[in-house]
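The values are calculated or read from the model by the stated rules, or taken from the named source; none is laboratory data. Keep in mind that what you see is a predicted model, and the values were worked out from it rather than measured. Positions of Cβ are generated from backbone atoms using ideal geometry, with glycine treated the same way; all protein chains shown enter the neighbour counts. The area values use the complete protein model at the heavy-atom level, side chains included, leaving out ligands, DNA and RNA. Shrake-Rupley method; radii C 1.70, N 1.55, O 1.52, S 1.80 Å.
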Amino acid sequence: MRVNVVSDVHGNAKDLAIAGDGADALICLGDLVLFLDYADHSRGIFPELFGVENADMIVELRNARRFDEAREFGRRLWAELEVDRETAIEAAVRRQYAELFAAFPHPTYATYGNVDIPSLWHEYARPGTTVLDGERVEIGGRVFGFVGGGLRTPMRTPYEISDEEYAAKVEAIGEVDVLCSHIPPDIPELTYDTVARRFERGSRALLDALRRTRPRYALFGHVHQPLVRRMRVGATECVNVGHFAAGGRPWSLSW
């Protein structure tokens, strides 16, 4: 049995269409949407609406952790736009989702990332794509649990939830062989992004679950350039499956 796993797709529909090649199933750990490419500021919803120069500026402010200034800058841009903010974003996200969900192979098991909009997924998920969040499924005789979304941050991305709500989803899946999430467990080596030079938010509830239930694997993404991509926590192999938008290659699990 072989399962290919991707995360942080961020608009890479071309490589997503072949990500399941040679595997019995594809797992996607979220972040399908591309709001703004920090490596190429011409790509994504933000430059589509406001242009590359404004994208350059907001990236500069965010990288400097000047989040209040970034939000104020964004508010001014939205105020000058003739289209309602929610309408403009939803239209752009829908265009991306139509292309990305069409690229999913059969079968695909997917959960949400922090930049995704969960309310739209079921409109685009085709037969053969199973969306899971706080739920479990058996694949090839092993039990996989899925926990989607991220925790609240100053970035205020679309699907950030409270620590309590996130912990409840972790608790709901119980003991599994493979624990799949978008964000990593709260371990410094796994949460530090070496390019952004900051810690992303990891989940304490995930870390507690690893120590308590001892799954074989914990798979996640979210941190694009982690200090460490792989490490053990007790009996569990923790794996950042990679920044698919940049690399275009899935991580594979075989048994």
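Observations on the model:
- Looking only at the stretch 171-189, and only at residues there that are among the acidic types (Asp, Glu) and in a helix (DSSP H, G or I), the one that is most open to solvent (accessible area, probe 1.4 Å): Glu171
- Helices (runs of 4 or more DSSP H) completely within the stretch 1-80 that count 3 or more residues being open to solvent by 70 Å² or more (accessible area, probe 1.4 Å) and at pLDDT below 95: 67-80
- Filter pass, Arg65 being more than 18 Å from the chain's Cα centre (by Cα) and on the phi > 0 side of the Ramachandran plot: yes
- Test: residue in the stretch 138-147 that is at pLDDT 95 or above, farther than 29 Å from Arg214 by Cα, within 19 Å of the chain's Cα centre (by Cα) and open to solvent by less than 30 Å² (accessible area, probe 1.4 Å): no
- Pairs linking a residue in the stretch 183-210 that is more than 20 Å from Val6 (Cβ to Cβ) and modelled with pLDDT of 95 or more to a residue that is open to solvent by 10 Å² or more (accessible area, probe 1.4 Å) and polar (S, T, N, Q), with Cβ atoms under 8 Å and 6 or more positions apart or on different chains, are Thr194/Gln225; Arg201/Thr153.
- Residue within the stretch 159-170 that is open to solvent by 30 Å² or more (accessible area, probe 1.4 Å), in a loop (DSSP other than H, G, I, E, B), in contact with a helix residue (DSSP H, G or I) (Cβ under 9 Å, 6 or more places away or on another chain) and under 20 Å from His243 (Cα atoms) present: yes
- Total residues in the stretch 223-250 satisfying the condition of being among the basic types (Lys, Arg) and touching a residue at least 12 places away in the same chain (Cβ under 8 Å): the figure is 2.
- Members of the stretch 204-223 that are open to solvent by less than 10 Å² (accessible area, probe 1.4 Å) and more than 23 Å from Pro250 (Cβ to Cβ): Leu207, Ala209
- Residue count for the stretch 212-255 satisfying the condition of being part of a loop (DSSP other than H, G, I, E, B) and over 20 Å from Asp193 (Cβ atoms): 7.
- Residue selected from the stretch 98-115 under the condition more than 13 Å from Gly20 (Cβ to Cβ) and over 10 Å from the mean Cα position of the chain (by Cα), by the criterion most open to solvent (accessible area, probe 1.4 Å): Glu99
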